[in-house]
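Read the structure below first, then the notes.
The values are calculated or read from the model by the stated rules, or taken from the named source; none is laboratory data. Note that this is a predicted model, so its numbers are computed, not measured. A quick note on method: Cβ atoms are made from the backbone with ideal geometry, for glycine too, and the neighbour counts reach across all protein chains shown. In case anyone asks, the SASA skips ligands and DNA or RNA and just uses the protein heavy atoms, side chains included. Shrake-Rupley method; radii C 1.70, N 1.55, O 1.52, S 1.80 Å.
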Amino acid sequence: MSRLKMADIARLADVSVSTVSRALAGSPRVPDALRKKIEAIAESQGYVVNRAASNLRLQRTQTIGLVLPMGHETGQQLTDPFLLEIIGFLSEEVIKRDYDIHLTRVKAPGEGWLRALIQSHRFDGMLMLGQSDQHAAINDVAQRYREMVVWGERLPDQLYCSVGVDNVSAGRMATEHLIGLGRKTIRFMGPPRVPEVDSRYRGYLDAMDASPLRGATDLIEARFTYDSAYEATRKLLRGRVRFDALFAASDVIAHGAMTAIAEAGLSVPADIAIVGFDDVAMARSLNPPLTTIRQDLPLAASLMVDLLFKRMNGEMTSSAQIPASLVVRGSSGAL
């Protein structure tokens, strides 16, 4: 018995061979109803797609690259709660589309790293988690490479497609919450020179400048790690720097600060109120539970992957923002 060919499926479905090829490859160019009809015929006839041959013929890898540039933060691990959650949601969205995912973590990126990664042809499109300090490099390749979507801050001169929250408004929201609770010495903790954090800090400054606390601002540097935030907070408290509220640039930073505050014999929120950022699952289990800014990561992942696949199919897409919201729990003393 001769092996069933794609032309046989095309004849049975009364469509062209190219339509069958696209349908069995999951192309969005084929209407859902027609794709399902072709898939059903192929299955009933025992036809099996040779993915390797198909991908080679179409010059595709059937893989999406997930890239983490770590120029700002060589100490942040993949076990970071925020990274774990967003990587998980992105992976689920990619797998739904019958693609594999290739994870690349780039420590201390050198000149030309992104061009070299793209030219390796290891994937058909790229999702990038954060601009880090690599905005110029991303902007440079975006002029020629369109199959890319970046999670991060929307910057005025950017040429690439990004998805993220309005970090300035979110930073203002967090700070206004602490001001509204009557806190007088509110500090901001996070890593400078990271676009998302810089915008959160700008929102903090905007809220402080619009309040009676105008001018009473301070940036406490800490990386996106528990240990860094813990040590930065211990140093402050040992130096007898007094503050009654802290806006942390991430939930992990807030966690490290909370531990140091407790070890110093102080109470959250009675002595120091804390607001974090991200609303990862850990935030709900801290003691007290963490007030934080929520980023809707399932929505973000769905939107990023949808935009990427549109760009892979030749569409030009604009950047998008998802909503951020304040989740009030015990750490700010509002309950």
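Is there a residue in the range 247-266 that is more than 12 Å from T233 (Cα to Cα) and assigned to a strand (DSSP E or B)?
The answer is yes; a qualifying residue exists.
Find the residue count for the range 281-335, including only residues that are more than 26 Å from I179 (Cα to Cα), open to solvent by 40 Å² or more (accessible area, probe 1.4 Å) and assigned to a helix (DSSP H, G or I).
So the answer is 7.
When you check L155 against the structure, is it part of a strand (DSSP E or B) and either modelled with pLDDT of 90 or more or closer than 23 Å to Y226 by Cβ (or both), yes or no? Please lay out each step first, then the result.
Details: part of a strand (DSSP E or B): no; either modelled with pLDDT of 90 or more or closer than 23 Å to Y226 by Cβ (or both): yes.
For L155, the condition - part of a strand (DSSP E or B) and either modelled with pLDDT of 90 or more or closer than 23 Å to Y226 by Cβ (or both) - is not met.
Hey, any hits in the range 255-264 for a residue that's open to solvent by less than 10 Å² (accessible area, probe 1.4 Å), of a type outside the set (K, R), more than 15 Å from T185 (Cα to Cα) and touching a residue at least 40 places away in the same chain (Cβ under 8 Å)? Before the answer, list the steps.
Residues of the range 255-264 open to solvent by less than 10 Å² (accessible area, probe 1.4 Å): 256-257, 260-261.
From what's left, of a type outside the set (K, R): 256-257, 260-261.
Restricting the remaining residues to those that are more than 15 Å from T185 (Cα to Cα) gives 256-257, 260-261.
Checking the rest, the ones that are also touching a residue at least 40 places away in the same chain (Cβ under 8 Å) come to 257.
Yes.
Please work out which residue is most open to solvent (accessible area, probe 1.4 Å), limiting yourself to the range 162-185 and to residues that are more than 20 Å from V252 (Cβ to Cβ), of a type in the set (V, I, T) and touching a residue at least 40 places away in the same chain (Cβ under 8 Å).
Out of the qualifying residues, it is T185.
Residues to consider are R105, R144; find the one that is of a type outside the set (D, E), under 25 Å from G314 (Cβ atoms) and without any contact (Cβ under 8 Å) to a residue 60 or more places away in the chain.
R144
Can you tell me which residue among V168, V141, V197, V150 is within 14 Å of the chain's Cα centre (by Cα) and part of a helix (DSSP H, G or I)? Working first, answer last.
Values: V168 fails: within 14 Å of the chain's Cα centre (by Cα); V141 fails: within 14 Å of the chain's Cα centre (by Cα); V150 fails: part of a helix (DSSP H, G or I).
V197 is the lone residue from the list that is within 14 Å of the chain's Cα centre (by Cα) and part of a helix (DSSP H, G or I).
Before we move on, is F243 aromatic (F, W, Y) and part of a strand (DSSP E or B)?
Here the answer is no, as F243 does not meet what is asked.
From E221, E196, which residue is over 15 Å from I274 (Cβ atoms), surrounded by 22 or more Cβ atoms within 10 Å (Cβ to Cβ), touching a strand residue (DSSP E or B) at 6+ places or on another chain (Cβ under 8 Å) and touching a residue at least 24 places away in the same chain (Cβ under 8 Å)? Spell out the reasoning first.
Details: E221 fails: surrounded by 22 or more Cβ atoms within 10 Å (Cβ to Cβ).
Unique residue meeting the criteria: E196.
Here are some residues: L237, L205. Which one is at pLDDT below 95 and assigned to a helix (DSSP H, G or I)?
Details: L205 fails: at pLDDT below 95.
Exactly one of L237, L205 is at pLDDT below 95 and assigned to a helix (DSSP H, G or I), namely L237.
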